[in-house]
Amino acid sequence: MDAESLLLALELASGSGQGLSPDRRASLLTSLMLVKRDYRFDRVLFWGRILGLVADYYIAQGVSEDQLAPRKTLYSLNCMEWSLLPPATKEMETQTSVVKGRFMGDPSHEYEHTELQKVNEGEKVFEEEVVVQIKEETRLVSVIDQIDKAVAVIPRGALFKTPFGPINVNRTFEGLSLSEAKKLSSYFHFREPVELKNKTLLEKAELDPSLDFMDSLEHDIPKGSWSVQMERGNALVVLRSLLWPGLTFYHAPRTKNYGYIYVGTGEKNLDLPFML
């Protein structure tokens with residue numbers, strides 16, 4: 001959700017019980033404006049909150065002029081002092097995939113994981129137990145990246161692609177119609193496309209290259225991983241992810257108000273395919 005309209009955005013997303021105290025809201029409004037100025041971002045998004053046992057991580061992301069360029073991620077424990085996180089890598093994801101359970105809320109906390117490594121001694125090969133230390137900050141980077149790739153959402157038409165390549169905010173976007181807002185095909189993943197290149201030429205011929213340049217939610221696997229609900233007398237459409245519980249996307253049809261927020265433990269629902 002855009003930091004400039006934070007209070008309205010939190011109000012629209014509050015149907016899922018995801019709110020902030022008045023002092024946290026005031027702190028965020030001030031500090032995110034300073035983050036935007038200091039880091040020279042085009043716009044700042046309040047990404048959400050990852051709940052820890054000791055403290056919570058408040059997450060913000062900075063977007064450059066090219067809207068699909070890699071976003072810079074920052075975290076804070078008090079909504080005032082923000083620290084920049086390093087970019088996510090495949091090694092981080094592999095390393096942190098063995099960590100299970102809740103976050104502690106301390107970036108310097110280290111998880112211990114025991115793994116077997118093969119050791120060569122002459123012609124003999126032994127398996128030796130090695131204790132690997134994994135920092136919570138590394139896990140935080142990896143989880144945010146996974147959530148972004150899997151469930152960050154944007155409505156169709158909110159961004160447009162210029163013939164020269166860069167992707168900009170569509171200033172003429174006036175919201176989806178009520179009938180379109182109820183369809184999963186009207187929403188895209190807010191990231192570089194993955195499935196688009198697998199479409200046939202006939203399928204691509206039906207797409208508008210300036211608007212349909214991202215992957216649609218309707219083909220997400222497992223099918224049924226999104227809940228679409230109308231609230232406030234059809235004045236608000238809310239999408240909730242069942243794969244990453246805690247992710248809520250909202251859009252008020254025929255208005256420019258849309259956004260998503262994640263408030264959860266940072267744990268993926270691996271049992272979802274067996275629940276559908």
Odd one out for residue 144, checked against (1) more than 14 Å from residue 266 (Cα to Cα); (2) at pLDDT 80 or above; (3) among the aliphatic types (A, V, I, L, M): (1)
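Each row is one residue, and each column tells you yes or no for (1) surrounded by 20 or more Cβ atoms within 10 Å (Cβ to Cβ); (2) touching a helix residue (DSSP H, G or I) at 6+ places or on another chain (Cβ under 7 Å); (3) farther than 23 Å from residue 159 by Cα.
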| position | (1), (2), (3) |
| --- | --- |
| 4 | no, no, no |
| 8 | no, no, no |
| 13 | yes, no, no |
| 24 | no, no, yes |
| 32 | yes, yes, no |
| 45 | yes, yes, no |
| 55 | no, no, yes |
| 60 | yes, yes, no |
| 81 | no, no, yes |
Selection within region 264-276 - in a loop (DSSP other than H, G, I, E, B) and open to solvent by 10 Å² or more (accessible area, probe 1.4 Å): 265, 267, 268, 269, 270, 271, 276
Failed item in (1) open to solvent by 70 Å² or more (accessible area, probe 1.4 Å); (2) in a loop (DSSP other than H, G, I, E, B); (3) touching a helix residue (DSSP H, G or I) at 6+ places or on another chain (Cβ under 6 Å); (4) not basic (Lys, Arg), with residue 218 passing the rest: (2)
Selection within region 102-156 - under 23 Å from residue 61 (Cβ atoms), aliphatic (A, V, I, L, M) and either open to solvent by 50 Å² or more (accessible area, probe 1.4 Å) or outside any strand (DSSP E or B) (or both): 104, 140, 141, 143, 144, 147, 150, 151, 152
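Quick grid of which residues meet (1) modelled with pLDDT under 85; (2) open to solvent by less than 50 Å² (accessible area, probe 1.4 Å):
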| residue | (1), (2) |
| --- | --- |
| 194 | yes, no |
| 201 | yes, no |
| 206 | yes, no |
| 222 | yes, yes |
| 234 | yes, no |
| 244 | no, yes |
| 254 | no, no |
| 262 | no, yes |
Subset of region 89-101 that is open to solvent by 60 Å² or more (accessible area, probe 1.4 Å) and in a helix (DSSP H, G or I) - its residue that is nearest to residue 59 (Cα to Cα): 93
Residue list for region 157-186, filter: closer than 25 Å to residue 243 by Cβ, open to solvent by less than 40 Å² (accessible area, probe 1.4 Å) and of a type in the set (S, T, N, Q): 186
Cβ pairs under 8 Å, 6+ apart, first in region 37-62 and over 16 Å from residue 79 (Cβ atoms), second open to solvent by less than 10 Å² (accessible area, probe 1.4 Å) and aromatic (Phe, Trp, Tyr): 53/103
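Please count how many residues of region 137-191 are of a type in the set (Phe, Trp, Tyr) and farther than 16 Å from residue 249 by Cα.
3
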Subset of region 157-174 [in contact (Cβ under 8 Å) with a residue 60 or more places away in the chain and in contact with a strand residue (DSSP E or B) (Cβ under 7 Å, 6 or more places away or on another chain)]: 158, 159, 167, 168, 169
Contacts under 7 angstrom Cβ, first residue in region 8-34 being assigned to a loop (DSSP other than H, G, I, E, B), partner open to solvent by less than 50 Å² (accessible area, probe 1.4 Å) and at pLDDT 80 or above, 6 or more apart: 18/248; 18/261; 18/263
Any pair with Cβ under 9 angstrom, 6 or more apart, that starts in region 208-237 at a residue that is under 21 Å from residue 175 (Cβ atoms) and ends at one that is open to solvent by 30 Å² or more (accessible area, probe 1.4 Å) and aromatic (Phe, Trp, Tyr): 210/160; 211/160; 213/160
Flag for residue 240 being among the charged types (D, E, K, R), in contact (Cβ under 8 Å) with a residue 12 or more places away in the chain, part of a loop (DSSP other than H, G, I, E, B) and under 18 Å from residue 47 (Cβ atoms): no
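The values are calculated or read from the model by the stated rules, or taken from the named source; none is laboratory data. Source: prediction; values computed, not measured. We place every Cβ from the backbone using ideal geometry, glycine too, and count neighbours over all the protein chains shown. What goes into the accessible areas is simple: the full protein's heavy atoms, side chains included, and nothing from ligands, DNA or RNA. Shrake-Rupley method; radii C 1.70, N 1.55, O 1.52, S 1.80 Å.
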